[in-house]
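What follows is calculated from the coordinates using simple rules that are stated; it is not laboratory data. What you see is a predicted model, and the numbers here were worked out from it, not measured in a lab. Note that each Cβ is placed from the backbone with ideal geometry, even for glycine, and that neighbours are counted across all protein chains shown.
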Amino acid sequence: MKTDTTILPFRQSESIADPLTELAREGARRMLSEALKAEADAFVASFADEQLEDGRQRIVRHGFGPERKIQTGIGALDVQRPKVRDRMDALDPAEKIRFTSNILPKWARRSVSLDALLPVLYLKGISTGDFQEALSAIMGPDAPNLSPSVISRLTAGWQGQYDAWARRDLSARHYVYMWADGVYLQARMEENAECMLVIIGATPEGKKELIGFQVGLRESAQSWHELLTDIKARGLSVAPQIAVGDGAMGFWNALDRTFPGTKHQRCWVHKAKNVQGYFPTQMAPVVKSDLNDIQHAATRAEAEVALAVFTEKYGSKYPKGVACLTKDKDAMLAFFDFPAEHWGHLRTTNPIESVFATVRHRTVRTKGALSQKTAKLMVFSLIQAASKKWLRLKGKNQLPKVIEGIKFTDGIEQTNDTENRAA
């Protein structure tokens, strides 16, 4: 029977002809399948010494679970999760050895990166009923795991995650450094005066973590005091060695009330912008260069010399610009008392700014208004997703020395030898 035909089928409007995407999807499916098998095999191999009385292996592979679809950024992938069996049938169920895949958790229906995308879409103004349409180009027209009801349950889950995080016990935590900032999203907030108050800390291992996060007034000492008091009440009893932030915040007053022993370090990025605001635009490159000579000086003495030169150079004609810089002299140069490897981290609130750059970029052009509650949950979800990729501090081996109270002068550890040479 002849099957050749010159009739070409019409492609449905919602489908996309993209051989490259199909190839990538098939490659991803095969790679995922192989990775799952390798993970199961490694788990079985780790129990190779466990044997039954008749000499057979106790832990063995046991086929596959039912096929299911996992929604990813390149579409839906059909996968089967390998199963592992514990042959010790007489054991109590609680004592049985069970296999749980880290790559594909038992109930997972979406990739982690896709879960991170959902709050971004919400912040962009897409309602839960429009998620399927918005994602149909990359996930196919059905997107069964992203129906409005599923999205509603997911947003409710964000609230639960935030509540658990906000109540977590901090008694075992210690943060050597702390960064604080009030970040305005400039869109989709009910009150323009309110922003996201954010505190990030560095652990003794050099890992950056989100410590505090809530909606409040950036200039209000009371708003910051409520946040810091809550953190301390949940067990954070050890004060950070130094805190970094912009000068125009109520944070500093609240910090002195909550952790009076913590040193202050003003953010040089914010300070430079504030100082340059008192100078004509055409002078910006020269003023910026002079400010860089101060903050990037090799020693405190050299920084103070550069500061004196700046004062002499501009004091008579631009006294307000000079006063803006010199009034916070001690707080601008506090980083010299810490390891030189950490100066790049301590001179700026960039650990917070870099996190919110993407959030601000995605929300600045949106229309309408989110409630404070919804905005907080969306941004919290984005921060949690971003935190998984935060880099550790450079020179993390120096942090235990800071905790021990070892003194640093101009970034160099002070030992008996260095003190004798200085004498």
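Of all GluC sites (Glu not before Pro) in the stretch 200-309, which ones are in loop regions per DSSP and have a Cβ with at most 15 other Cβ atoms within 10 Å?
E205, E219
Give, as a single signed number, the net charge of other residues whose beta carbon lies under 9 Å from the beta carbon of V84, with Lys and Arg counted +1 and Asp and Glu -1.
That sum, taken over residues with Cβ under 9 Å, equals +3.
Using the structure shown, select from K288/K317; K271/K394; K207/K407; K208/K320; K207/K320; K263/K373 the pairs with a Cα to Cα distance greater than 27 angstrom.
As for pairs spanning more than 27 Å Cα to Cα, those are K208/K320; K207/K320; K263/K373.
Which order do D92, D328 fall in if you start with the one that has the fewest other Cβ atoms within 10 Å?
Exposure proxy ranking, most exposed first: D92, D328.
Can you put H342, H264, H62 in order of Cβ neighbours within 10 angstrom, beginning with the fewest?
Listing H342, H264, H62 from fewest to most nearby Cβ atoms yields H62, H264, H342.
Please list 3J(HN,Hα) in residue order for the stretch 399-407, calculated via the Karplus relation 6.51 cos²θ - 1.76 cosθ + 1.60 where θ = phi - 60°; whole Hz, with x for glycine and proline.
4, x, 5, 5, 5, 6, x, 5, 7
Per-residue counts of other Cβ atoms within 10 Å, averaged by peptide: what ranking do you get for 330-339, 311-320, highest first?
The most tightly packed comes first, giving 330-339, 311-320.
Calculate, for R98 and E209, the FRET efficiency according to 1/(1 + (r/R0)^6) with r their C-beta to C-beta distance and R0 25 Å; round to the nearest 0.05.
Taking R0 as 25 Å, the efficiency between R98 and E209 is 0.25.
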